[in-house]
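K.L.:
Have a look at this one before I ask anything.
No value in this document is a laboratory result; all are computed from the given coordinates. What you are looking at is a predicted structure, and each value in this text was computed from that prediction instead of being measured. Here the Cβ is made from the backbone with ideal geometry for all residues, glycine too, and neighbour counts use every protein chain on show.
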Amino acid sequence: MPPRTPASSARSRPLGSSTTSPLPRHFAVVGAGLAGIACARTLINAGHRVTVFEKSDEVGGRMASHHSPFGSFDAGAQYFTIRDERFALALDTVPGVFRPWSANAIRVLDATGHVASASQPPGEAHWVANPDMQALAVAWAEPLRQGGHLHTNAHVVAIERDPLKPKHWQVRAQAPDGAQQVVAGFDAVLLAQPADPARSLLTQSGIQTPLVADIAGVITAPCWTMMLAFPQSVRPGLTTLGPQWNAARSTHHRIAWLARESSKPQRGIVERWTVQASPAWSHEHINDDSSRVQAKLLKAFAEVTGIRAEPGYVEMRRWRYAQTTQPLGKSHLFDSQNGIGACGDWCLGHRLEDAFISGLELALAVNASVNA
Ligand SMILES: Cc1cc2nc3c(=O)[nH]c(=O)nc-3n(C[C@H](O)[C@H](O)[C@H](O)COP(=O)(O)OP(=O)(O)OC[C@H]3O[C@@H](n4cnc5c(N)ncnc54)[C@H](O)[C@@H]3O)c2cc1C
């Protein structure tokens, strides 16, 4: 378990606090990634009503995992680090869901795949959720699901003023079959989406708020991700193919990161790799056909790892808003006059912990403004 110290004050306590608000309000949270989950749970624990809308059929957002016949892949976030004690405290509420990953000494490779250095800040552990990264989001979202607060397959397409109570908001959500549902009576709408979709939703809804200009300064990069399985490597006397390291950052112009999924704890023995293309190359090829991108990344993978065997399984994933390159510079945005807020990793950086802290701090700010 990570080293931790008690929370400094009740106000900063995430997920499990019992600081009940004297004025319970009803909030819509758009997005059930880590930021949305942290925000929703903190507001519920403060005594408010919360409805979470998630466009996908499951929670986790960029913490998604992919399941194949040969084992799972972490298609988005690969691992997490713990730097904020509030994140550590929240992890305490789900013991057993995460474990250390001894990807020890993550390599830095030069463009030809040669090890340039072993980079890892001293003492910083790498943690992974079990049985896959998405499991952490699922565990934290479970009270939301059980409490009936979570609407999945609910893509928010518009935020409108509530015709019955003009100071309130209503949310228009669309199901995958195109059917629309309007849920009304919200005191505030809190966006927990990536920056670009959050700004588009505000603009398309015609909402006049300073948040639109604030979010415009945030820049994110895409990421093409390739997942490979080599079932032929499961033979007596042959435990792995190719290099002896399990994770590496690479300066190859196509590939930025590679990790051996099968090296993560309790993930199954079939040799599996997740390969993330570099932000610049992903940007250049973001609209290319998936099979064309796959062919180019497979070639680069062979160059970097020396593995020239044909994978038995390949899956591609295109992340349009993968990684923040220019963050907002503060933990959240809240326009208390209009009742519109925004959170997400992009406020602070590009890590899971940034998303969690952003969602938590937006909820604390909203609760404080209600009680002011
Ligand atoms: C390829 C990749 C690798 C990464 N690797 C790491 C790593 O190793 N370590 C690390 O710490 N971080 C990593 N990250 C970053 C990490 O995944 C993010 O920081 C974190 O998951 C962001 O959480 P979030 O809640 O802010 O946003 P998201 O996870 O993007 O959640 C937003 C949610 O909003 C939903 N949504 C969007 N629009 C709507 C709408 N209109 N209506 C309803 N729902 C909507 C989405 O479906 C999604 O579920 C990686 C990300 C990617 C893509």
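K.L.:
Over all distinct Cα pairs, what is the inverse of the mean 1/r for the chain, reported as the Kirkwood hydrodynamic radius in Å?
P.N.:
Computed over Cα pairs of the chain, the Kirkwood hydrodynamic radius comes out at 21.5 Å.
K.L.:
Same structure, new question: Counting only C-alpha contacts under 8 Å and six or more residues apart, can you give the relative contact order of region 10-371 as a whole percent?
P.N.:
It comes to 22 percent, rounded to a whole number.
K.L.:
If eta is 0.890 mPa s and T is 25 °C, what Stokes-Einstein diffusion coefficient results for region 35-91, Kirkwood Rh from Cα pairs, in µm²/s?
P.N.:
178 µm²/s
K.L.:
Follow-up question, since we're still on this one. Rounded to whole Å and sorted largest first, what semi-axes of the equivalent ellipsoid does the C-alpha gyration tensor of region 177-334 yield via the square root of 5 times each eigenvalue?
P.N.:
39, 18, 15
K.L.:
Say the dipole of region 10-371 comes from +1 at the beta carbon of Lys and Arg and -1 at that of Asp and Glu; which of Ala75, Leu201, Gln266 then lies farthest toward its positive end?
P.N.:
Value: Gln266.
K.L.:
Going by average Cβ neighbours within 10 Å, how do the peptides 259-268, 174-183, 72-81, 351-360 rank, with the highest at the top?
P.N.:
351-360, 72-81, 259-268, 174-183
K.L.:
Once you list every other residue whose beta carbon is under 15 Å from the beta carbon of Arg308, what net charge do they have if Lys and Arg are +1 and Asp and Glu are -1?
P.N.:
-2
K.L.:
Cross-link candidates for Lys165: which aspartates and glutamates have Cα within less than 16 Å, leaving aside residues fewer than 8 places away along the same chain?
P.N.:
Asp187
K.L.:
Still on this model: Please sort 269-282, 295-308 by packing, taking for each peptide the average over its residues of neighbouring beta carbons within 10 angstrom, highest first.
P.N.:
My ranking of the peptides, most packed first, is 269-282, 295-308.
K.L.:
Also: Placing unit charges on C-beta atoms (Lys and Arg positive, Asp and Glu negative, everything else neutral), compute the dipole magnitude of the chain about its Cα centre in debye, rounded to 20.
P.N.:
240 debye
K.L.:
I want the antiparallel fraction of DSSP beta bridges within the chain, as a percent rounded to 5.
P.N.:
Looking only at bridges with both residues in the chain, the antiparallel portion is about 75 percent.
K.L.:
How long are the semi-axes of the equivalent ellipsoid of region 48-179, defined as square roots of 5 times the Cα gyration tensor eigenvalues? Whole Å, largest first.
P.N.:
So the equivalent ellipsoid measures 37, 19, 16 Å along its semi-axes.
K.L.:
Net charge around Gly185, counting only other residues with Cβ within less than 14 Å of its Cβ (Lys, Arg = +1; Asp, Glu = -1)?
P.N.:
+3
K.L.:
Residue separation times 0.36 nm, minus the C-alpha to C-alpha distance between Ser102 and Ala372: what's the value?
P.N.:
This chain segment gains 92.5 nm when fully extended.
K.L.:
Lys/Arg Cβ at +1, Asp/Glu Cβ at -1, dipole of the chain taken about the Cα centre: which of His126, Thr225, Pro163 is farthest positive-ward?
P.N.:
Positive-most Cα among the choices belongs to His126.
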